Structures are given as C-alpha cells and as structure tokens.
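Take a look at the structure below.
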Amino acid sequence: MDYQFLAKSMMAGSVNLPVPLLQYHHQLGLEDTDVLLLIHLHGYIQQGEYLPPIAELSKRMALTQSECYIKIQKLIDAKVLKINTEIDAQRRVTERYDLTPLWEKIALQVVNQVEDEVVEEKQARDMSMYALIEREFSRQLSPIEGETIANWTELEHYEPELIKEALKEAVIAGKKNIRYIDRILSNWQANGVKTLDDAKAASREFGTHTMKTNTKSFPNLTSEAKPAKPFKMYNWLDDNKPKT
C-alpha cells in the first residue's frame, strides 16, 4: 500500500478541533486524558455518531469500560459535557452527548483573557502617564493627584494625547500642578475639544499654544514650531476666561 496515499486519507478524515481547547483546558481543571476523551467524543459527533459505545471509547482510550464511565461522569460533573435525552414522534427515547457546555466555557475563557489584556494595557498606559507627569513636575505625585489622573481616563474618558497636550500647556505656563491640567481638560471638554488638533486650535484661540525658543527645556514633550512673536500665557485657573 502507498503510505503517502494512506497519510493523505488520514488527513482527509481529521477532526476539526478548536485550538482553544488545548490552550485553556488547564484553566477548566481538565487533565490531558480528559482532553483526549473530549477529542474522541468530538470526532464521533462530527461523524454523526452522538452516543458512541463505551466499548469503542475504552479501546481508543486504553481504559477499562468502568474507567471510561468514571471519566465521562467526571466531565459531566465538571459541566463540560452533558447527555441530552430526546423523544421522537414514535416515542422512542434516544440519548446523545452534547459538548456545548465545553465550548461555552472555553469561549468565556477567551473573552476573559481579552478583557484582562485590555485592563493590563490600560494600567500600563496609566502608569506611563503618571511617570511622564512626575518627570515633568520633578516630584512624586500624591495619592489624590494619582486619583485625579485615573479619573481623567476612567470617568472623563480623556484621550492620552489630550492629557499630554494639557501637560505641555501647564509646563510652558510654569503651572506644574494637577489642578491646572484638570482645568485645561475640563475647558476643552466643555468646548467640544475631542482631538489633538482641536486642542491646538483652542489653545491658539486663547493665545496659549507655543513653545519656548530652547526646546531642550522640555525634553519629554512633543516639539512644535516656534512662534515668531512673543505671546501671552493664559491662566487656566482664572475663572474669568474667555468663552468660545
């Protein structure tokens, strides 16, 4: 017999197995032998055999029929396998294995991991923002200041680029305090500022957007074109600010 032909025939009869089963079975408390049994059941179901004989399963698993029954009961107790009972029009009772609980548990694991990664990414971004502000302020932030920064992203949903732009405004104005930055962000939000370009336009309107001639004074901030004329810094803590 041609072994290459036989190998191709085996591939044609392969089981379509979701890879996440192999990735997340330990999180579900499943052992490798449990996974192998689930793969066998999945293969039978794909072939339209919903209740394979225990004798066949035990041969494939190299287990006694009693051990195979115990394995199946373990999967049922773990709520990754269930047996559905159906009654047809002739009132004949049939049973079938159902792996839907397994796929649902795996899908939940995938969703939770994605959500955890989003949270971790946000935490890393927030820590980066704390570090940037501390570097520009040349001091450590207080817990209250840290809470204010967290609120910018969690409650107010300010974009990081807007926070950095507001920080730039504060550093240029010599106002190295969180309250000043918070006032800038609040003003921008009240005036519909949503993007970095909007913020720059609003700053030019209030006469505040510029950089020092020596850009080395602000090594951690994005450099901008230098103005040709002197400018007057706007005090964002002054409640008598011009309205747009």
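The values are calculated or read from the model by the stated rules, or taken from the named source; none is laboratory data. In this text the structure is predicted, and so the values were computed from the model without any measurement. Positions of Cβ are generated from backbone atoms using ideal geometry, with glycine treated the same way; all protein chains shown enter the neighbour counts. Only protein heavy atoms, including side chains, enter the accessible area calculation; ligands, DNA and RNA are left aside. Shrake-Rupley method; radii C 1.70, N 1.55, O 1.52, S 1.80 Å.
Going through segment 19-82, which GluC sites (Glu not before Pro) have at most 10 other Cβ atoms within 10 Å and a DSSP loop state?
Those that pass, being in a loop and sparsely packed, number zero.
Run the simple label-point estimate for D116 and E134 please: 7 Å along Cα→C-beta, distance reported in nm.
2.6
What nm value, rounded to one decimal, do you get for the distance between Y69 and R125 when each label is placed 7 Å out toward the C-beta?
In this crude label model, Y69 to R125 measures out at 5.6 nm.
Show which aspartates and glutamates lie in cross-link reach of K122 when reach means a straight Cα distance below 20 angstrom and same-chain residues fewer than eight apart are skipped.
Within the straight-line cut-off, K122 pairs with E134, E145, E147, E154, E156, E159, E161, E165, D182.
So the label point goes 7 Å from the Cα of L36 along Cα→C-beta, right? Which residues of segment 50-64 then have their backbone N under 20 Å from it?
52-64
Over segment 108-195, with every protein chain in place, what whole percent of the accessible area is carbon and sulfur at 1.4 Å, could you tell me?
51
State log₁₀ I(q)/I(0) for segment 1-150 at q = 0.15, 0.16, 0.19 Å⁻¹ as given by the Debye formula over alpha-carbon point scatterers of equal weight, solvent excluded.
-0.89, -0.96, -1.18
Hey, can you find the accessible area per residue of segment 30-165 for me, probe 1.4 Å, expressed in square angstrom?
With all protein chains present, segment 30-165 gives 62 Å² per residue.
If I model a spin label as a point 7 Å beyond the Cα along the Cα-Cβ vector, how far apart are those points for E49 and W103 in nm?
Reported label-point gap for E49 and W103 is 2.1 nm.
Can you give the alpha-carbon Rg of segment 131-176 over 2.2 N^0.38 Å, where N counts its residues?
1.12
Using the crude model of +1 on Lys and Arg Cβ and -1 on Asp and Glu Cβ, and no other charge, please compute the dipole size for segment 48-195 relative to its Cα centre, in debye to 20.
160
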